[in-house]
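Notes for the one structure printed next.
The values are calculated or read from the model by the stated rules, or taken from the named source; none is laboratory data. Model, not experiment: these values are computed from the prediction. Note that we place each Cβ from the backbone using ideal geometry, even for glycine, and neighbour counts take in every protein chain shown.
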Amino acid sequence: MNFKESLPDTDSHFDSLTGLYNSEAFYKEATLLLKDCKDINYNIVCLDISCFKIVNDLFHMETGDLILKTTADYFKATLNPRTSIGCRAEADHFILCIPSDELNIEKIIHDLDERIQSLHISHHILFFAGIYPIDKRDLGKLPISQMYDRSRLALQRVKGSYQTRYAYYDSEMRDKMIDELMEKKNLELALRERQFTIFLQPIFNPRKNTVVSAEALVRWIHPVHGMISPGKFIPACEDNGFIVQLDRFVWEEACRLQRRRLDEGKPIVPISVNLSRLNFYSNDLPEFLSSLVEKYKLETWMLKLEVTESAYTDNRLQLLDMLSTFRSLGFTVLMDDFGAGYSSLNMLKDMPLDTVKVDMAFIRELEKSKRVAVILKFVVELAEELKMGIVVEGVETQFQRDYVASLGEVAIQGYFFSRPLPIRDYEAFLDKFLLIKGDDSHAVN
Ligand code: C2E
Ligand code: CA
Ligand code: CA
């Protein structure tokens, strides 16, 4: 493959000093290259020259230029033009797109150091590198510019150190960096920068084959690290108190979505939102929720509230009071993760609740355990006796779906029907589903 032919050789694609691609052209070329070489493991490598700015300041510009040209010449001479490409990005940053079996980073750094030393500049100049080994699952999804960002993050880890001259952005480094993001100030910044968004997971009535509601689930899409799992950041947000702000953001996003669909004359189903236990320390919680519903001119049935057992163990009287207030305002209250903790039955006994959501740990074991089947059956009966609704979470297989559907009027949430969807996909799903069903019973204008 001659990838250089894909772009016309006009000046606008090349860096005038070094003759290498500029970053814009590099992103385009690398995208094409990766598309054509799906079976090869590639890396995006970012190379940076230490103290380049000082060299430019101390010596003449020509010295800096000479270093850059020497570096570029090395790449021109050594990169295999059939499989690899390089560019000069900004200032003293070079980027390579190179197959793993052609990448010998220690040799590159060593050779470059040597070439620069042979220029006899009386300043110690070192090269540092950050490498992003491209995950095949990211191909076609993650733009090259973001892969470059990842390699740069790896580079920042080693820049200025004398022992280590390169680092890989791999899952270990990603996890470490994500750990560091869990401080409240970083989370607040992420919220301001709109890195959080909601996904929606439809909930079904399998007997009637209708969508009965959806759950709003928060997602953190970091500009460099990509999607960060709620299993990771929710516990951190609960520890440092940020969850209160985050939950309120999610509730508002859910209301905003409902309002927009109503304005567009489209049908809606109620959206369930999660209320972390820390919310119950704010006395203004019921007021906040009803003012939100008012702000978006919604009715309270359009928002459902999911509460877990951990809220119950904190301050029972206060919780009882609040849940009663929610219900008197017209909100539906669901008990989330039923059966997962120690006091699920106590909570059921004491608290005013409308619906039970059975924790997915039960359904997980349905195929393996007769006992689980019996427990599920009794939980459904229990809910029916108590005149409560019931949702079974985590339904992934036909077998699980059929068993749960055989138990009674049970709603189902799980990958079998749908994964949590980005807003746009959720809307397309809802439109299609309600259209096919001809079910416009939820349409409210
Ligand atoms: P949850 O409230 O029990 O939410 C259901 C979780 O189960 C979601 O995980 C959902 O993606 C996942 N799930 C749904 N169906 C299936 C299935 O068939 N199989 C499997 N394996 N998983 C399924 P997610 O989105 O990762 O959220 C995890 C937890 O994080 C949530 O559990 C909830 O406790 C918390 N969370 C998510 N969003 C929010 C939020 O906005 N506020 C608060 N306070 N917590 C949230
Ligand atoms: Ca939930
Ligand atoms: Ca749950």
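Taking LEU262 as the residue in question, decide whether it is surrounded by 20 or more Cβ atoms within 10 Å (Cβ to Cβ) and assigned by TED's automatic domain parsing to the domain that holds MET351.
Numbers: surrounded by 20 or more Cβ atoms within 10 Å (Cβ to Cβ): no; assigned by TED's automatic domain parsing to the domain that holds MET351: yes.
In short, no.
Show the residue pairs meeting these rules: Cβ distance below 7 Å; 6+ apart or different chains; first residue within the range 382-401 and assigned by TED's automatic domain parsing to the domain that holds LEU366; second residue away from ligand 2 (no atom under 16 Å from the Cβ) and of a type in the set (Asp, Glu).
From residues that are assigned by TED's automatic domain parsing to the domain that holds LEU366, the pairs are PHE399/GLU367.
Among the residues of the range 332-348, which ones are without any contact (Cβ under 8 Å) to a residue 60 or more places away in the chain, at negative phi and within 16 Å of ligand 1 (Cβ to nearest atom)?
Here is the first cut: in the range 332-348, the residues without any contact (Cβ under 8 Å) to a residue 60 or more places away in the chain are 333, 335, 337-348.
With at negative phi added as a condition, the list becomes 333, 335, 338, 340-348.
VAL333, MET335, PHE338, ALA340, GLY341, SER344, MET347 - these are the residues of the range 332-348 that are without any contact (Cβ under 8 Å) to a residue 60 or more places away in the chain, at negative phi and within 16 Å of ligand 1 (Cβ to nearest atom).
Which of the residues spanning the range 262-285 are touching an Asp or Glu at 6+ places or on another chain (Cβ under 9 Å), away from ligand 3 (no atom under 16 Å from the Cβ) and in a loop (DSSP other than H, G, I, E, B)? First the steps, then the outcome.
Restricting attention to the range 262-285, the residues satisfying the condition of being touching an Asp or Glu at 6+ places or on another chain (Cβ under 9 Å) are 266-267, 271-281.
From the residues that got through so far, the ones that are away from ligand 3 (no atom under 16 Å from the Cβ) too are 266-267, 278-281.
Residues satisfying the conditions are LYS266, PRO267.
Look at the range 360-384 and say how many of its residues are buried (at least 20 other Cβ atoms within 10 Å of the Cβ) and within 16 Å of ligand 3 (Cβ to nearest atom).
Filtering the range 360-384 down to residues buried (at least 20 other Cβ atoms within 10 Å of the Cβ) leaves 362-363, 366, 376, 379-380, 383.
Checking the rest, the ones that are also within 16 Å of ligand 3 (Cβ to nearest atom) come to 362-363, 376, 379, 383.
Qualifying residue count, the range 360-384: 5.
Is it the case that SER118 is within 23 Å of LEU68 (Cβ to Cβ), without any contact (Cβ under 8 Å) to a residue 24 or more places away in the chain and not assigned by TED's automatic domain parsing to the domain that holds LEU257? Working first, answer last.
Details: within 23 Å of LEU68 (Cβ to Cβ): yes; without any contact (Cβ under 8 Å) to a residue 24 or more places away in the chain: yes; not assigned by TED's automatic domain parsing to the domain that holds LEU257: yes.
In short, yes.
Would the range 291-301 turn up any residue that is in contact with a Gly (Cβ under 6 Å, 6 or more places away or on another chain) and more than 16 Å from ligand 2 (Cβ to nearest atom)?
From the range 291-301, those in contact with a Gly (Cβ under 6 Å, 6 or more places away or on another chain) are 300; that's our starting set.
This time we only want the ones that are more than 16 Å from ligand 2 (Cβ to nearest atom), so: 300.
Scanning the range 291-301, I find at least one residue that is in contact with a Gly (Cβ under 6 Å, 6 or more places away or on another chain) and more than 16 Å from ligand 2 (Cβ to nearest atom), so the answer is yes.
Does the range 135-150 contain at least one residue that is under 23 Å from the mean Cα position of the chain (by Cα), β-branched (Val, Ile, Thr), part of a strand (DSSP E or B) and within 30 Å of ASP39 (Cα to Cα)?
If we filter the range 135-150 for residues that are under 23 Å from the mean Cα position of the chain (by Cα), which is where we start, we get 135-150.
Retained after the next criterion (residues that are β-branched (Val, Ile, Thr)): 144.
Filter once more, so that each one left must be part of a strand (DSSP E or B): none.
For the range 135-150, residues under 23 Å from the mean Cα position of the chain (by Cα), β-branched (Val, Ile, Thr), part of a strand (DSSP E or B) and within 30 Å of ASP39 (Cα to Cα): absent.
Can you name the residue in the range 217-241 that is within 16 Å of ligand 3 (Cβ to nearest atom) and among the small types (Gly, Ala, Ser) and, of all such residues, is farthest from LEU275 (Cα to Cα)?
Within the range 217-241, the match that is farthest from LEU275 (Cα to Cα) is SER229.
In the range 341-359, how many are within 14 Å of ligand 2 (Cβ to nearest atom), of a type outside the set (S, T, N, Q) and crowded, with 17+ Cβ neighbours inside 10 Å?
Total satisfying the criteria: 5.
Of the residues VAL372, VAL392, VAL380, which single one is more than 16 Å from ligand 1 (Cβ to nearest atom) and either among the aliphatic types (A, V, I, L, M) or within 18 Å of PHE204 (Cα to Cα) (or both)?
Working: VAL372 fails: more than 16 Å from ligand 1 (Cβ to nearest atom); VAL392 fails: more than 16 Å from ligand 1 (Cβ to nearest atom).
The match here is VAL380.
If you go through the range 218-233, how many residues are within 16 Å of ligand 2 (Cβ to nearest atom) and buried (at least 19 other Cβ atoms within 10 Å of the Cβ)?
Initial filter on the range 218-233 (within 16 Å of ligand 2 (Cβ to nearest atom)): 218-219, 229-231, 233.
Pick out the ones that are also buried (at least 19 other Cβ atoms within 10 Å of the Cβ) and you get 218, 233.
Residues that pass the stated criteria total 2.
Quick one: in the range 385-424, which of the residues that are charged (D, E, K, R) and more than 22 Å from LEU305 (Cβ to Cβ) is surrounded by the most Cβ atoms within 10 Å (Cβ to Cβ)?
Pass one, the range 385-424, residues charged (D, E, K, R): 385, 387, 393, 396, 401-402, 409, 419, 424.
Filter once more, keeping what is more than 22 Å from LEU305 (Cβ to Cβ): 385, 396, 401-402, 419, 424.
On the way: GLU385: 8, GLU396: 14, ARG401: 19, ASP402: 11, ARG419: 11, ARG424: 8.
By that ranking, first place goes to ARG401.
Considering only the range 74-110, state which residues are in a helix (DSSP H, G or I), in contact (Cβ under 8 Å) with a residue 40 or more places away in the chain and surrounded by fewer than 15 Cβ atoms within 10 Å (Cβ to Cβ).
Those that are in a helix (DSSP H, G or I), in contact (Cβ under 8 Å) with a residue 40 or more places away in the chain and surrounded by fewer than 15 Cβ atoms within 10 Å (Cβ to Cβ): LYS76, SER100, ASP101, GLU106.
If we scan the range 44-65, do we find a residue that is hydrophobic (A, V, I, L, M, F, W, C) and free of Cβ contacts under 8 Å to residues at least 12 places away in the same chain?
Within the range 44-65, the first condition is being hydrophobic (A, V, I, L, M, F, W, C), and the residues that meet it are 44-47, 49, 51-52, 54-55, 58-59, 61.
Right, trim to free of Cβ contacts under 8 Å to residues at least 12 places away in the same chain and you get 61.
Yes, the range 44-65 contains at least one residue that is hydrophobic (A, V, I, L, M, F, W, C) and free of Cβ contacts under 8 Å to residues at least 12 places away in the same chain.
Could you run through the range 373-416 and say how many residues are within 16 Å of ligand 2 (Cβ to nearest atom) and of a type in the set (Gly, Ala, Ser)?
Result for the range 373-416: 4.
Is it the case that LEU191 is part of a helix (DSSP H, G or I), surrounded by fewer than 18 Cβ atoms within 10 Å (Cβ to Cβ) and assigned by TED's automatic domain parsing to the domain that holds MET322? Write out each step before concluding.
Details: part of a helix (DSSP H, G or I): yes; surrounded by fewer than 18 Cβ atoms within 10 Å (Cβ to Cβ): yes; assigned by TED's automatic domain parsing to the domain that holds MET322: yes.
So LEU191 fits the description; yes.
Go through the range 35-54 and give me each residue that's surrounded by 18 or more Cβ atoms within 10 Å (Cβ to Cβ) and in contact with a helix residue (DSSP H, G or I) (Cβ under 8 Å, 6 or more places away or on another chain). First the steps, then the outcome.
Kept after step one, since they are surrounded by 18 or more Cβ atoms within 10 Å (Cβ to Cβ), are these residues of the range 35-54: 42-50.
Matches in the range 35-54: TYR42, ASN43, ILE44, VAL45, CYS46, LEU47, ASP48, ILE49.
Can you go through ALA214, ALA254 and tell me which one is within 16 Å of ligand 3 (Cβ to nearest atom) and either surrounded by 15 or more Cβ atoms within 10 Å (Cβ to Cβ) or modelled with pLDDT under 95 (or both)? Full working, then the answer.
Details: ALA254 fails: within 16 Å of ligand 3 (Cβ to nearest atom).
When all the criteria are applied, what remains is ALA214.
Just checking: which of the helices (runs of 4 or more DSSP H) contained wholly in the range 286-357 hold 3 or more residues that are more than 16 Å from ligand 3 (Cβ to nearest atom)?
On the way: elements: 309-314, 316-329, 344-350.
Answer list for the range 286-357: 316-329, 344-350.
Keeping to the range 212-251, report how many residues are closer than 22 Å to SER291 by Cβ and assigned to a helix (DSSP H, G or I).
Residues of the range 212-251 that are closer than 22 Å to SER291 by Cβ, as a first pass: 216, 218, 241-251.
Restricting the remaining residues to those that are assigned to a helix (DSSP H, G or I) gives 243-251.
So the count comes out to 9.
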